[in-house]
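Since the structure comes first, as structure tokens, the remarks are kept for the end.
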């Protein structure tokens, strides 16, 4: 078994050859490159997909010529064309801001990918506050849009920027609250931990955790669609009114940055939805604790294979959601700006608040009513308990656990006795004792 | 190969330490840019960069939650508000309200004096000797997860008046925590939002003078 | 002791109705009239109805009482008069007291102060009944008369010709209703006074009567003379009432009760009355051994013993003074044996109490020396003069003397007699020269009241009250007649402007003539043709004659009234001749004179009949009999000399012996007076003006009313003024000076204080304020209102502080 | 993260104090010189950020620890509140004066 195949992550691989600092640096560069690669390729595909979907929904074919029968390379051709185009800057524009704002949008959108969990252990930067960071970074994107709209020196652009600002700032709130619903249920902000919690059969996904999470998913999806200014909420670039909205004056490669950022953001919010509600990289067939756990245990290429499968599952789920977004775009008519704001502030915001309250009260209410911490007790599905309390699942968040860098972990957590091999120990291995930090009811019930 | 590794290691170390300096320099430069720019929108832009750099400094200090909060609330929220304000109020001649050079000079002098004051007093303290608990001792002793930059849980416990170490050893006595201030701040925020909404609401004012002027001009044109 | 009997309760009910009806009338009239129309006669009708019903009730009560007693009083006195037997009279009086004797009870207890009980009591005997009937009858007549007389008040705009304001005469709304309201109130008060069963209640109604008099005299309140007269009457009465109050206090202190007579209460206990405590059944005082104190029995306790001891008064009558001595000793012995704690009252205090009560009577009845208010009281409307100031109210003093007779010692009675005597002569002489028709009548009234007092004082109890009743009739008649004249002559009252009016107003002239004859006491000797005045005045003169013969020292008590009788006849006929006979002196007045309407002449006719014939039969007549049925036992039935005073009071028998002689004297003198009047004014043989010139000094003395007003002015007003001036001088010089000096000193100090205040304190404050203001104004420049500058200031401040701190540290 | 890199502080406290001081002074100067009301507001934000940086830095290097984070969180929240109110005031001011020049807001000058 070669070291390359034995490593569970790039960092681990590099650490076998380089000093820690160098390994860390190189791993960071590699992570960024990988994410950037995905960031660059995905929009190509999505733009193509958009055209095809639009065509099919509108009962036409879409691109058919470039790159074969299905016009595979249409987007690439477009990109080349855009790169060739002159980089125009209007006379009335604020030159510096006009040039800077596409990069701002691009960077913000790109940074969001840093904390997306592709598979168990496969993440560019495993932040404890992953989701929080994600929301923060994605909210930066709007700055670029606003500055672009303002600096263009055009009323269309200014109006678009203003609309974008109003819309995004408003939708950020219900979006964050809806994202907090599964976070509250799970008890962690780390997207990686969230993915681990949802391992096992699909009933373990957060969307099925309780009714509030279930509703929260749909609310989140609507809000996320709006926050990436997709139809029917694409008021910022409403062609019929504002020519092209905030990017009216842009051309060439700067223009394409906006589009790359938009499609990348579509995947980003979909990825967050996947990680939060739809089980992340987990197949939902219960394979993780049976087959895949064995693969991981085996290590080396099996481990790599398991993670690849996870990444594929994650990307597939995200793409499905992106597809739904497109589907919605070409199906529903555009709203007016006041309708957009009304929808957010008068409906989605209260609904999300109610959901948040509900999910906070849910465990208490269940405990009070049933005396148990879950509604369904010990229902065996495909050999696995489902509806298990969080504290009894194979992964328990909040406990300093040994990550994949074993020796480093031990050094980093000198006080807590490091639970050995929890992740790789498979379904049989539980966290030895209910940790003291796990909050409240579930803990007490399980101990009693 | 070894040399290469060594160079890489040095580079990595420099990169890591350099990142801090880069963020610091960026924060300083952008802050000065804010001071010396006259266009408010550009000021806002520089401010964004400055605040983002500050957030980077936060991250470098292992304050991940505060950094993210800085990004989310400051950069994402407050600044959007600011730009709103700029765009709602900036029209033509008022976009650039130049300060007199004398005022700039005076402000600069005073600012420099203040900077001297701050720096001389801050740097006069030899922190390492002054306080027995500094840097290395504190790290790991104050809150363990600092090493990893995972402060979320610690912050949450702090709000409840506890720390993870207390809970683990079981001998921690719970203090008052920050729950009450937190609640007060929440209510304060709510009040502020309502107040701001009230203040900034559209005022429907009848303007008989304007309408009469309109009618007069209309009559003239007719 | 008269227990409550069916007769008593019936009488009290009837009299209560008669008493309280005018009060109701007053209440309705005074409020209804105020809110009602000024032109309505409703008030008069109501008042007349009330007083008429009261009269009917009173008359019924009198008849009831007469029937119950089988009119024994009339028969008895006829017999007594015939037999002149005091003994029999005394016995029968005692025996009959259960039937017709005083009925007394408490109607309502107002308050209790320890032993003292203030209550509304009634005391009903024949005197009460007669007074009730007389008062209500005369009041009815006068009410009717007043309906005509006061008719010019029935207007919204009454023009008072005697009040001058800047533009002509004074105008005011008519006060018709008010007049009748006050008349009603007066009737209520007078009847209450008569009905009263205790001396305190008497006092209350006494004052109430005085207030009514005040209101009615001051009816034309806008006239200065009227308001002055009202004040004068009221103040003079207060002088008398002061004595009354002293008497009341003495009585209460020593007797502990106010009620007149003993009676059985509802709870069976007996309460002693004043009369029973002071006197035994025979009207004797019980003296202690020293003779200085009078023993007060508790009334009912000693009654039985006393009755036993004197069970056979017949033998005792012959004992004379010796018998009385024995009786006294026995009573004293009993007193010692029975009750060591028996209360006594010093004799002089008893005299003082009697004099005090009498002082009230002097004031009310306008006796010397308080007689001056009555002529001035003629400022009131003539019906008022007739009712209040001649017939009833002024008679209240006489009535009270009669009612309170048992409480008076012989010394007091002598005082009363002299006062009456002086008054009678004094007023008669003034009346001779008076020219105002009402003034003449007023002085005549005073004079006649003096006769009544004289009669009472010399022991003629029945004579005095007899004259009271008859006088009431003929004097009210004469006042009404004069009122008719005044009304007919449009408020001309001066006799020199009249004359020959009998042609214009014959009925009035005849009525007046009847009154004049009655008051003059003319009669045809030997025939029963005699007007009422003859009988009553004869009785008084007879009593006086008897008294003066029994007590020769006091011979003046006979001669002066006798002369007075002549003067009375003179001035009354003078009045008649002046007014009605001869030729008109003032053509203008005569031209407009007219006879009064029937509503005024009607009462005149009725009253003249009564004036002429009410006293028919004289001292054997029914009226005298009715009155003397309630004669107190004090009147001695034999010639005795009361021990302390040495006076001998006449008995009925003694008076009767001298009656014929006295009547002859009086008739002769009166006829002489009447003849003189005819000589002067009827036949005009002698010019009165010549006589007037001849005796100009005397005339002026009389016109100036014996200079009593001047005397009082000198005696009381001047000293008071002098003292007041002296006190005022002290006040002005000493106290005011002191005060002024103090004030000046205060002002000076204040001035310094003010200087200090202004200069130092204000200066300090102002300096502070100015400094602050200046500082603020200079600092104001710093407050540019510029946000950015403030930031600079803050920073500069911080830097400055830091620099300072650095310097200090180094 | 690499623990070695983290525990060995890449820079000492004084660097952060210097940056914070510069931010603070920049904010002050901004407040003192900007005539635009929103510029003044930006100055305030800078000042607050300087303070925040101090909190975090002291939390990292002294016993202040996590409390510094809590305090800076409060600062951030209150800064947001302040910004909201200040902008509302600025809008009102603009509505009334058709300008946002703070020098014209001198009605209360002495």
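Computed values, structure above
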{"item": "Residue that is farthest from residue A:125 (Cα to Cα), among those in the stretch A:181-190 that are under 14 Å from the mean Cα position of the chain (by Cα) and in a helix (DSSP H, G or I)", "result": "A:182"}
{"item": "Subset of the stretch D:21-43 [more than 7 Å from chain B (Cβ to nearest Cβ) and surrounded by fewer than 24 Cβ atoms within 10 Å (Cβ to Cβ)]", "result": "D:40"}
{"item": "Residue check for residue A:168: touching a helix residue (DSSP H, G or I) at 6+ places or on another chain (Cβ under 9 Å), free of Cβ contacts under 8 Å to residues at least 40 places away in the same chain, over 24 Å from residue B:153 (Cβ atoms) and buried (at least 24 other Cβ atoms within 10 Å of the Cβ)", "result": "no"}
{"item": "Hey, residue A:146 at pLDDT 80 or above and within 14 Å of chain B (Cβ to nearest Cβ) or not", "result": "yes"}
{"item": "Matching entry among C:668, C:686 (being out of contact with any strand residue (DSSP E or B) (no Cβ under 7 Å at 6 or more places or on another chain), more than 17 Å from residue C:430 (Cβ to Cβ) and outside any helix (DSSP H, G or I))", "result": "C:686"}
{"item": "Any strands (runs of 3 or more DSSP E) falling wholly within the stretch C:51-170 and containing at least 3 residues that are touching a helix residue (DSSP H, G or I) at 6+ places or on another chain (Cβ under 8 Å) and modelled with pLDDT of 85 or more", "result": "C:116-124"}
{"item": "Search result, residues across the stretch B:45-72 that are farther than 19 Å from residue D:65 by Cα and either touching a residue at least 12 places away in the same chain (Cβ under 8 Å) or more than 8 Å from chain A (Cβ to nearest Cβ) (or both)", "result": "B:46, B:47, B:48, B:49, B:50, B:51, B:52, B:53, B:71"}
{"item": "Qualifying helices (runs of 4 or more DSSP H) (wholly inside the stretch A:1-120; at least 3 residues being in contact with a helix residue (DSSP H, G or I) (Cβ under 8 Å, 6 or more places away or on another chain), farther than 21 Å from residue A:252 by Cβ and touching a residue at least 40 places away in the same chain (Cβ under 8 Å))", "result": "A:20-57"}
{"item": "Set A:318, A:280: member being closer than 22 Å to residue A:46 by Cβ and assigned to a helix (DSSP H, G or I)", "result": "A:318"}
{"item": "Single residue of the stretch B:90-103 satisfying the filter (more than 13 Å from chain A (Cβ to nearest Cβ), at pLDDT below 70 and in a helix (DSSP H, G or I)) that is surrounded by the most Cβ atoms within 10 Å (Cβ to Cβ)", "result": "B:94"}
{"item": "Filtered residues of the stretch C:14-41 (kept if over 26 Å from the mean Cα position of the chain (by Cα), in a helix (DSSP H, G or I) and modelled with pLDDT of 80 or more)", "result": "C:31, C:32"}
{"item": "Residue within the stretch D:75-86 that is more than 7 Å from chain B (Cβ to nearest Cβ), more than 17 Å from residue B:67 (Cβ to Cβ) and crowded, with 20+ Cβ neighbours inside 10 Å present", "result": "yes"}
{"item": "Residue in the stretch B:12-21 that is surrounded by fewer than 20 Cβ atoms within 10 Å (Cβ to Cβ) and either within 15 Å of the chain's Cα centre (by Cα) or touching a residue at least 40 places away in the same chain (Cβ under 8 Å) (or both) present", "result": "yes"}
{"item": "Residue check for residue A:306: at pLDDT 90 or above, over 17 Å from the mean Cα position of the chain (by Cα) and more than 14 Å from residue A:226 (Cβ to Cβ)", "result": "no"}
{"item": "Flag for residue C:622 being at pLDDT below 80 and surrounded by fewer than 22 Cβ atoms within 10 Å (Cβ to Cβ)", "result": "yes"}
{"item": "Within the stretch C:361-416, helices (runs of 4 or more DSSP H) holding 1 or more residues that are at pLDDT 85 or above, surrounded by 24 or more Cβ atoms within 10 Å (Cβ to Cβ) and out of contact with any helix residue (DSSP H, G or I) (no Cβ under 6 Å at 6 or more places or on another chain)", "result": "C:393-403"}
{"item": "Pick from the stretch B:22-43, criterion more than 12 Å from the chain's Cα centre (by Cα) and within 7 Å of chain D (Cβ to nearest Cβ), ranking: farthest from residue D:66 (Cα to Cα)", "result": "B:40"}
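A quick yes/no check of all residues on (1) modelled with pLDDT of 85 or more; (2) within 14 Å of chain C (Cβ to nearest Cβ):
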site	(1), (2)
D:7	no, no
D:11	no, no
D:46	yes, yes
D:61	no, no
D:66	no, no
D:98	no, no
D:102	no, yes
D:105	no, yes
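The values are calculated or read from the model by the stated rules, or taken from the named source; none is laboratory data. Quick caveat, the model's predicted, so the values are computed rather than measured. Using ideal geometry, Cβ is built from the backbone for each residue, glycine included, and neighbour counts are taken over all protein chains shown.
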